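What follows is a single structure, written as structure tokens, with notes after it.
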Amino acid sequence: MRNLWRSLLACFRPSWRLSSDPARRAAFLKLGIVAGIFLFAGPELVAALEWQILVEMLGATLFTTAMIAGAKLALVDLGEKLRSLVLPAAPVALLGAAYFEWWLASAAAMVASAQAVWEVVV
């Protein structure tokens, strides 16, 4: 083990090998350990980092999509309620007045059929 350590130290420049600062030696040792992990792990480590980045982006994308879909659903529901409040009033009024005149009855039938077509199409 000692020979291995000496051969590893021989790879560094002499100014780095004989550093009297323990913090600098610890930093070089940590750098060597990280470099060794990268060398031994190979491409799997890079693939794991890429997967982590993709999962982070996918999470943000799905959150945004869910919020937009919820807002659209709420707006569509609000539009349906407003349309159901406004549109049925006209055919009901025309049907009530249709007992008086024949042309009102035909107008009420046209409005009711137009509303039925509108509900089927939209």
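The values are calculated or read from the model by the stated rules, or taken from the named source; none is laboratory data. Source: prediction; values computed, not measured. Cβ coordinates were reconstructed from backbone atoms using ideal geometry, including for glycine residues, and neighbour counts include every protein chain displayed.
Among residues belonging to the stretch 76-110 that are at pLDDT 65 or above and of a type in the set (Val, Ile, Thr), point out the one that is farthest from the chain's Cα centre (by Cα). Among residues in the stretch 76-110 that are at pLDDT 65 or above and of a type in the set (Val, Ile, Thr), the one farthest from the chain's Cα centre (by Cα) is Val86. Checked against the criterion of being under 30 Å from Leu8 (Cα atoms), part of a helix (DSSP H, G or I) and at pLDDT 80 or above, the candidates Leu73, Leu31 yield just one match: Leu31. A single member of Ile68, Ile37 is out of contact with any Cys (no Cβ under 9 Å at 6 or more places or on another chain), at pLDDT 90 or above and not acidic (Asp, Glu), and it is Ile68.
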